[in-house]
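In what follows, a single structure is set out as structure tokens and then discussed.
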Amino acid sequence: MSIFRFKQFAVDQTGSTMKINTDGVLLGAVAFATNPVRILDIGTGTGVIALMLAQRFPGATVAAIEMDATAARLAGKNFIRSVFAERISAQEVALADFQPEKPFDLIVSNPPFFLHALKNRDRRKQVSRHTNVLFYSQLLERAAMWLEEKGSLQLILPVSLAEWIEQRATGEYGMVVQGRLAIRSFVSQPPIRRIVAIGKLPSALPALTGDLVIYEDKGIYSPAYRALLKDFFLAF
């Protein structure tokens, strides 16, 4: 059994094709909305982002959707075992088939983004790691429908893909870029990821501006990274 323990919850990763990673915990720690009531996590995997958001926003209910049956069951078990069980739920459903009853204040996703990479021979890993233009078009289309007027879609992506998403969101769906956070491994290196916030209306999102540097030296986390995750990681 592979269990990752956080300060307020634990995540069983047994059998998961996508283990807990830096991208996921960064989005879980950075994604922001003012007093959100309803949050949606698309492609929840083990459920770690949904659990982090449940911890950060005690007044919110968190819905998590996942198309992989094994991952959806695993996330559901992680949710039931958590102290947030009454406010968080997992559903096995594809993005295209999900039909929420009410709009959301915040929608998040750490989506598969290997658009042009070689496919993995493991079918489940292919599904979790690879996608195409249609997925992102669906994601923007659904966000435009499912977000509250002041809501926000927040994603963590490679920089080039984030730029493409921003162009599609503003050019084809009439949305606006509410914020950007560049993620760098080291201060001297170019950004490797971007957390982007997109919505119907401009919004003040102070956490989604500027840069975040993960390491101050090899194997040593930066003070900013440690401060961001200190409420979650046992070692911090």
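The values are calculated or read from the model by the stated rules, or taken from the named source; none is laboratory data. Source: prediction; values computed, not measured. All Cβ positions, glycine included, derive from the backbone under ideal geometry; neighbour counts span all protein chains shown. Protein only, heavy atoms only, side chains kept; ligands, DNA and RNA dropped before computing areas. Shrake-Rupley method; radii C 1.70, N 1.55, O 1.52, S 1.80 Å.
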Output for the range 86-107, where each listed residue is touching a Leu at 6+ places or on another chain (Cβ under 6 Å) and among the β-branched types (Val, Ile, Thr): Ile107
In the range 124-144, residue modelled with the highest pLDDT [restricted to those that are among the β-branched types (Val, Ile, Thr) and open to solvent by 40 Å² or more (accessible area, probe 1.4 Å)]: Val133
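Can you tell me how many residues within the range 150-159 are over 18 Å from the mean Cα position of the chain (by Cα) and open to solvent by less than 70 Å² (accessible area, probe 1.4 Å)? Write out each step before concluding.
So in the range 150-159, the residues over 18 Å from the mean Cα position of the chain (by Cα) come out as 150.
Add one more test, that the residue is open to solvent by less than 70 Å² (accessible area, probe 1.4 Å), and what stays is none.
Qualifying residue count for the region: 0.
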Residue in the range 160-181 that is most open to solvent (accessible area, probe 1.4 Å), counting only those that are under 19 Å from the mean Cα position of the chain (by Cα) and of a type in the set (S, T, N, Q): Ser160
Members of the range 53-70 that are over 10 Å from the mean Cα position of the chain (by Cα) and aliphatic (A, V, I, L, M): Ala54, Ala60, Val62, Ala63, Ala64, Ile65, Met67, Ala69
Residue list for the range 219-236, restricted to those being in a loop (DSSP other than H, G, I, E, B) and open to solvent by less than 80 Å² (accessible area, probe 1.4 Å): Gly219, Ser222, Phe232, Phe236
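So which strands (runs of 3 or more DSSP E) stay within the range 1-107 end to end and still have 1 or more residues that are open to solvent by less than 30 Å² (accessible area, probe 1.4 Å)? Reasoning before the result, please.
Details: elements: 3-5, 10-12, 38-42, 61-66, 88-92.
Where strands (runs of 3 or more DSSP E) fall fully within the range 1-107 and carry at least 1 residues being open to solvent by less than 30 Å² (accessible area, probe 1.4 Å), they are 10-12, 38-42, 61-66, 88-92.
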The range 6-20 residues that are farther than 15 Å from Lys230 by Cα, paired with ones that are part of a loop (DSSP other than H, G, I, E, B) and open to solvent by less than 20 Å² (accessible area, probe 1.4 Å) (beta carbon under 6 Å, 6 or more apart): Val11/Thr46; Gln13/Thr46; Ser16/Thr46; Met18/Gly45; Lys19/Gln13
Inter-residue pairs, beta-carbon under 7 Å, first open to solvent by 20 Å² or more (accessible area, probe 1.4 Å) and in the range 204-218, second part of a loop (DSSP other than H, G, I, E, B), 6+ apart: Ala207/Phe32; Val213/Phe186; Val213/Val187; Val213/Ser222; Tyr215/Ser185; Tyr215/Phe186; Tyr215/Ser222; Glu216/Ser222
